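A.B. asks: Below are the structure tokens for one structure; questions will follow.
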Amino acid sequence: MDDSAPQPGTGAAGATAASGARTVRRRRIGVLLAVALLAFLIDLGSKLLVVARLEGHQQIQVIGDVMTFEVIRNPGAAFGMGQAMTVVFTAIAAAVIVVIWRIARRLYSLPWAVALGLLLGGALGNLTDRLFRAPGVFRGHVVDFISVQHFAVFNLADSAIVCGGILVVLLSFRGSNPDGTTHQPAKQPAAQDGDGEENTGGGAR
């Protein structure tokens, strides 16, 4: 499927192409918002559930001691990093949301819509904790509950952010842009011999 935006032309054909471009963009934004809403609601629901049922209780073994559920209030970033910079990470999360929305204005690629939706949903999930949980607005501690042995304690918002980030890296590596176009790595210029002629590595000409 070609995710690129229809190219405008002139006259009636140009108007049709422009209308088609707007329709495609609206659909891609719809996908982005749907993915973001789903990721946000799953994260929010999981946090409400574990806080109500698990906080203050013994951890639950999911896969032996390798993976357990235990509620941790995290003042730092994803996976417990930077615990003394709560307000800074709150500002970063808000900035990420703004950047994603600006990119969405020229969004025509379906895979990019999914990737940005995961990033947006995860950022909103953790930002909600920053704004509405104790100890206060902009300083709220994020609820983490998935504990992996010898790794970290995280939540589903962190997972959505990581998955979205990996997808963005893969799409960029493949040369895909949010607007549906593709880019190719710049070609290296051919080596030249001492006479200033290109050395193609071939035989006599």
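The values are calculated or read from the model by the stated rules, or taken from the named source; none is laboratory data. These numbers were taken from a predicted model, which means no experiment stands behind them. All Cβ positions, even for glycine, are placed from backbone atoms using ideal geometry, and neighbour counts span all protein chains on display. The protein model used for the area step is the full one, side chains on, heavy atoms only, and it has no ligands, DNA or RNA in it. Shrake-Rupley method; radii C 1.70, N 1.55, O 1.52, S 1.80 Å.
A.B. asks: As a test of reading the structure, rank W101, W112 by solvent-accessible area (1.4 Å probe, protein chains only), most first.
C.D. replies: Values: W101 135, W112 20 Å².
Descending order: W101, W112.
A.B. asks: How much FRET efficiency would the formula 1/(1 + (r/R0)^6) give for A34 and D65, where r is the Cβ-Cβ distance and R0 is 30 Å, rounded to 0.05?
C.D. replies: Values: r = 37 Å, r/R0 = 1.24.
Efficiency, rounded to the nearest 0.05: 0.20.
A.B. asks: Which net charge results when you count Lys and Arg as +1 and Asp and Glu as -1 among the other residues whose beta-carbon is under 15 Å from that of M67? Walk me through the numbers on the way to the answer.
C.D. replies: Numbers: positive: none; negative: D65, E70, D144, D158.
So the surrounding residues net to -4.
A.B. asks: If you take the square roots of the eigenvalues of the alpha-carbon gyration tensor of the range 124-180 and sort them as a ≥ b ≥ c, do you get rounded (a/c under 1.5), prolate (a/b over b/c) or oblate? Kindly include the intermediate steps, with their values, before the conclusion.
C.D. replies: Values: a/c = 4.50, a/b = 1.70, b/c = 2.65.
Taking the square roots of the gyration eigenvalues as a ≥ b ≥ c, the range 124-180 is oblate.
A.B. asks: Right, another one. Can you pull a Stokes-Einstein diffusion coefficient for the range 34-144 at 37 °C (0.692 mPa s), Rh from Kirkwood over Cα pairs, as a whole number of µm²/s? Numbers along the way, then the final one.
C.D. replies: Numbers: Rh = 15.1 Å.
Roughly 218 µm²/s, to the nearest whole number.
A.B. asks: What dipole magnitude, in Debye to the nearest 20, does the range 85-149 give about its Cα centre under +1 on Lys/Arg Cβ and -1 on Asp/Glu Cβ? All intermediate terms of the calculation are to be shown ahead of the outcome.
C.D. replies: On the way: 6 positive and 2 negative charges, 55 e Å.
About 260 debye.
A.B. asks: Can you give me the relative contact order of the range 86-143 as a percent, contacts being Cα pairs under 8 Å and 6 or more apart?
C.D. replies: Working: 49 pairs, mean separation 22.7, N = 58.
Dividing the mean separation by the residue count of the range 86-143 yields 39 percent.
A.B. asks: Continuing with the same structure: Rounded to the nearest 10 Å², what accessible area does L41 show when all protein chains are kept and the probe is 1.4 Å?
C.D. replies: Rounded to the nearest 10, the figure is 90 Å².
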